[in-house]
Amino acid sequence: MKNDILVSLKGVTKKYGNVTAADNVNLTISRGEFLVLLGPSGSGKTTILSMMGGFTVPTSGQIIIDGEDVTETPPALRPTVTVFQDYALFPHMSVLENVSFGLAMQKVPKAARYKRAEECIDTVGLTGYGDRGIHQLSGGQRQRVALARAIAVEPAVLLLDEPLGALDLKIRRQMQAELVHLQKSLGATFVHVTHDQEEAMSIADNIALINNGKVEDYGPPDRIYLRPATLFAANFMGDSNLIEGTVLNNDNNQVEVDTSFGKLTISGEAKQGSNIHILLRPEQIRIGVASNKKGVSLGEAKVREVVFQGTHKLCHAYSGKQFKSKIMFRVSPDHSVVAGDILSLHALEPDAVLLRD
């Protein structure tokens, strides 16, 4: 029986002179998992993917794939295939020839490789496109061809280096859904690099949030968004209200914090006198006075700007003592709110996340 863990990175570090691109990275990836490496430009996520694919050799540490140490194994001899952002398709070849290329390199007989290539072309929704040239395809279609070529050789791990970055928003969202469907239908293991938080949350089983070459946070998208482990994760994952405060008292996992919004009591652990932040997402801020013990009053807020965003209106306001603290909250698109309105705001105590500085 095979181990459920397909890929392990053990203390993987990559240095370029005095610059550390990946710093003691430890990750495990299960069979059939869709893992997203998420982070800002220059965070090290592409370096980590490149080391998995064999294009970059770690300075130290181990990479284990399917029980084999592949730390110094070249790309062609690894059970991985990488799909690059520019797709790296051969412009002089047809779609069928592109998709069957990896099989040709494996010395698969022509009839068998063309049959397999046609199956993969069908799988990515390009039935009948085999004879077309690459120049005849749209960006989304080229992305599908790159995917078909990758899955044709049935890699243990498919590595995707920002493959949707060049697509416009509508096509990108469509391709996100298709990627997930493809991954689940194949039962394959995907590792996908992106800097787009919304993309990561819509496709990932787990997210590894990378910052300065380190894994800053790791877990399912909903946990990382709603209960981030660090201030960086809270800031990076979408809009956030981070309320600074000083701990006044900590009793039975209830922390009383002095903030610019007054004294707030939330769940958590922090030393008396320590500086902390309280995270509340804009959609967790509610209009009106708190009506039960679970409510955390945020006082009154004066709306300074309302931005219509389709599914909701994002309101920027000033709140707290003398209306000097900024706060964001969302309301439904049909809710009547304009700049200058003064509203009472509150949140639910279970939504508030205590983050130690």
Quiz item: So what J values fall out for the range 52-68 if you push phi through Karplus, 6.51 cos²θ - 1.76 cosθ + 1.60 with θ = phi - 60°, rounded to Hz, Gly and Pro as x?
Solution: 4, x, x, 7, 10, 9, x, 5, 7, x, 10, 10, 10, 10, 6, x, 10
Exercise. At a Cα cut-off below 21 Å, give the lysines reachable from residue 14, other chains included and same-chain residues fewer than 8 away excluded.
Key: 45, 214
Self-check item: Derived scalar couplings ³J(HN,Hα) [the range 264-272; Karplus, 6.51 cos²θ - 1.76 cosθ + 1.60; whole Hz; x for Gly, Pro]
Solution: 10, 10, 9, 6, x, 10, 7, 6, 4
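May I ask you to work out the translational diffusion coefficient for the chain at 20 °C, viscosity 1.002 mPa s, via Stokes-Einstein with Rh from the Kirkwood sum over Cα pairs, reported in whole µm²/s?
It comes out at roughly 93 µm²/s.
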Quiz item: Kirkwood hydrodynamic radius (Cα pairs, Å) of the range 1-127?
Solution: 16.7
Quiz item: Which one of 84, 128, 160 is farthest out on the positive end of the charge dipole of the range 70-216, using unit charges on Cβ (Lys, Arg +1; Asp, Glu -1) and the Cα centre as origin?
Solution: 128
Quiz item: Peptides 69-79, 92-102: what's the order by average Cβ count within 10 Å, highest mean first?
Solution: 92-102, 69-79
Quiz prompt | Sequence-distant residues sharing a close amide H with residue 214 (under 5 Å, placed H) | solution = 23
Quiz prompt | Gaussian network model of the chain, springs between alpha carbon atoms under 10 Å - residue of 342, 285, 266 with greatest fluctuation | solution = 342
Quiz prompt | Sum of side-chain charges, residue 337 neighbourhood, beta-carbon under 12 Å (Lys, Arg +1; Asp, Glu -1) | solution = +1
Self-check item: Simple Cβ-charge dipole of the chain, Lys/Arg +1 and Asp/Glu -1, about Cα centre, in debye nearest 20
Solution: 240
Quiz item: Within the chain, what's the longest stretch lacking trypsin sites (Lys or Arg not before Pro) that sit in DSSP loops with no more than 14 other Cβ atoms inside 10 Å?
Solution: 108-270
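Would you calculate a helix-derived [θ] at 222 nm for the chain, using -39,500 (n - 2.57) for each DSSP H run of n ≥ 4 and dividing by the full residue count, to the nearest 500?
Result for the chain, helices only: -7000 deg cm²/dmol.
No lab work stands behind these numbers, since they all come straight from the coordinates. Here the structure is a predicted model, which is why all the values come from computation and not from measurement. Note: ideal-geometry Cβ built from the backbone for every residue, glycine included; neighbour counts use all protein chains shown.
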